[in-house]
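The values are calculated or read from the model by the stated rules, or taken from the named source; none is laboratory data. These numbers come from a predicted model, not from an experiment. As a convention, Cβ positions derive from the backbone with ideal geometry for all residues, glycine included, and neighbour counts pool all protein chains shown. Only protein heavy atoms, including side chains, enter the accessible area calculation; ligands, DNA and RNA are left aside. Shrake-Rupley method; radii C 1.70, N 1.55, O 1.52, S 1.80 Å.
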Amino acid sequence: MDTRQWRDTIAAAQDGDRRALDELVEGWLPLVYNIVGRALNGHADVDDVVQETMLRAVDNLGSLRDPDSFRSWLVAIAMRQIRDRARRRTPAPLDESATGGAADFAELTVLRLQLEGQRREVAEAVRWLDDEDRQLLSLWWLEVAGELTRRELAAAVGISRQHAAVRVQRMKERLDTSRGIVRALDGACPDLRELAARWNGRPDSVWRKRLARHIRGCGYCGDTRESVVPPERLLVGIALVPVPVGFTLSLALGGKTAAAATATVASVSWSAKVMSALTQPVVAATAGATIVAGGAYVVTQTPDAPPPRVTVSPTAASTHRPPPVVATPSVSPSPSPSPSATPTKTALYGSVVDAVDRAPDPDTPPAALPHRPESGVTSTGGAHAVMNHRGDRVTLTGKGYVLVRWQISPQYRAGGLVMPSWTGLKGELFHVASGGGRRMDDPVSATDSTATGMGNSTVGYTVLPAGTQQMWQNEYFYLDGSVTLTVNERGADYGLSVFPSSWDAAEKDITTGPDQGVKRYGLVRDTGKDDTPVPQYVTRSTPADAATVAQESRVSAP
């Protein structure tokens, strides 16, 4: 972001031009949000610090002599507010639980920039840094991304460029250590698992040192199959994390205009240019320069009119029922036992499959797939989202069919599989059909009788949690509402591809039988009624850790 392009806007705002001030706030809010958000890792105080930074900048804009120095001036204000906040709270450590279950900034970075591989690893490693390192990294990240210069970084921290170089190098060393911890925790080292069993799951400096000490002396954890790319090469040119929907900024200045603080404001909103940039309907509000919007950059509201809270129904244990279709079992080998399902009393919407049904005969056509109303489903991951890492997620919205395709790679890492989970459900979600030509425990080799989609006797098997429904290559779901699907991979290596789909595609998949060269027909679970099963790991609540969703949860009626 080049300050020179903003020279005229800054000068106009200093002269009292409301529209110019609106444009200035909108344009520079994402930079401030990224600095503060990363320095505090999404702590609940982020909103307050960002708001105080912008308020001080607006209040003191007239004192800025050189518009070309606006960026370094604004960044310095942000860093002062971050340090002031730290001094007010010391010596108490930063309590990451204070976010109330909200996503931290590392998670927002991964989700909103769709980072994968080592870029994702760097973002997650930030959680392990101390406050001082995290503050410096918030600036250095933007430096390598092209949003700040080294001179501006040094000025914001209040040190020379030479001293800044030393500080950055030390921070990078600790960041590399933290990357190794993230990588090792995603592995399957039994000694590390035993060590981490006493850890509460919250990154801190004590556990960073303990885990780093283990990694340095462990041949398993210290051995990586891919070269480690320096973080500056991974982060160069990366975009700013967008200000999230629901973020609050209120610059009500006691009934005075934001720019000149001289003219009385009645019922006004930010400029029409800001309004038109927002993707959702906008509601104008009073008491200073405030708006309420549902998308794009900023959501604001008056102090005495907080947004309504959305309540979600918690899950609870309940009775469950088996899938509606049970066919003759095949004799294909399976790494885990598969007790047959028995009919039980039909329950209302929200019952999950609680039995591991046997694979139907490959030559038995499925029952007819009921055709539910469909107007289409949108996905935050696009038409084809590929999720390979723990924490990857997509949010699906609409009315229609969704395909979740399993890709298990036991040759890279066999072991216990942590199932994906469906959280934040609004509306209804059904598990309607299974296809893709095979179940994951079907034989896949003509030469190795032990080989299935879950592994073989040589490399080992991917093992499901006890009582988990065996998945097929393709699993079809019907959604009427919205829900988030999260990958919780830990022990085994698996990935999910998620596609908004259609009834036609599902019906064609499951009815394509052995005549066409695939292994089997598919399976229909949909009864066409509200007693169709829901996914096993589904909840209307949004837990901080999606992997904690109960297997046999009960989804209350919407």
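Being of a type outside the set (Asp, Glu) and surrounded by 14 or more Cβ atoms within 10 Å (Cβ to Cβ) is the requirement here; does Ser160 meet it?
Details: of a type outside the set (Asp, Glu): yes; surrounded by 14 or more Cβ atoms within 10 Å (Cβ to Cβ): no.
Against the criterion (of a type outside the set (Asp, Glu) and surrounded by 14 or more Cβ atoms within 10 Å (Cβ to Cβ)), Ser160 does not qualify.
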*Collect the residues in the range 194-206 that are free of Cβ contacts under 8 Å to residues at least 60 places away in the same chain and surrounded by 11 or more Cβ atoms within 10 Å (Cβ to Cβ), keeping them in residue-number order.*
Leu195, Ala196, Trp199
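Kindly state which helices (runs of 4 or more DSSP H) lie completely within the range 5-72 and contain at least 2 residues that are over 26 Å from Trp140 (Cα atoms) and open to solvent by 40 Å² or more (accessible area, probe 1.4 Å).
The helices (runs of 4 or more DSSP H) meeting that bar are 7-14, 18-40.
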*Please indicate, with yes or no, whether at least one residue in the range 187-208 is under 26 Å from Asp493 (Cβ atoms), of a type in the set (Val, Ile, Thr) and assigned to a helix (DSSP H, G or I).*
no
*Are any residues in the range 115-134 within 18 Å of Arg233 (Cβ to Cβ) and either in a helix (DSSP H, G or I) or polar (S, T, N, Q) (or both), and if so, which ones?*
Gly117, Gln118, Arg119, Arg120, Glu121, Val122, Ala123, Glu124, Ala125, Val126
*Meets criteria (within 23 Å of Gln516 (Cβ to Cβ) and open to solvent by less than 20 Å² (accessible area, probe 1.4 Å)) for Val404*: yes
*How do the pairs read when you match residues in the range 428-452 that are without any contact (Cβ under 8 Å) to a residue 40 or more places away in the chain with residues anywhere that are charged (D, E, K, R) and surrounded by fewer than 21 Cβ atoms within 10 Å (Cβ to Cβ), using Cβ under 9 Å and keeping only pairs 6 or more apart or on different chains?*
Val444/Lys519
*asked:* Would you confirm, using the coordinates I've provided, whether Val534 is in contact (Cβ under 8 Å) with a residue 12 or more places away in the chain, more than 30 Å from Asn200 (Cα to Cα) and in contact with a Lys or Arg (Cβ under 8 Å, 6 or more places away or on another chain)?
replied: no
*Looking at Glu507, Glu475, which one is at pLDDT 90 or above, among the acidic types (Asp, Glu) and either touching a helix residue (DSSP H, G or I) at 6+ places or on another chain (Cβ under 9 Å) or over 28 Å from Glu552 (Cβ atoms) (or both)?*
Glu507
*Can you name the residue in the range 531-558 that is charged (D, E, K, R) and touching a strand residue (DSSP E or B) at 6+ places or on another chain (Cβ under 8 Å) and, of all such residues, is modelled with the lowest pLDDT?*
Arg554
_Answer from Leu396, Leu464 - the residue that is closer than 28 Å to Asp526 by Cα, under 22 Å from the mean Cα position of the chain (by Cα) and crowded, with 21+ Cβ neighbours inside 10 Å_ = Leu396
_Test result for Arg490, touching a helix residue (DSSP H, G or I) at 6+ places or on another chain (Cβ under 9 Å), open to solvent by 10 Å² or more (accessible area, probe 1.4 Å) and more than 16 Å from Tyr401 (Cα to Cα)_ = yes
*Residue in the range 470-483 that is assigned to a loop (DSSP other than H, G, I, E, B) and either closer than 19 Å to Val356 by Cα or free of Cβ contacts under 8 Å to residues at least 12 places away in the same chain (or both) present*: yes
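Would you tally the residues in the range 139-163 being over 29 Å from Val386 (Cβ atoms) and either of a type in the set (A, V, I, L, M) or assigned to a helix (DSSP H, G or I) (or both)?
16
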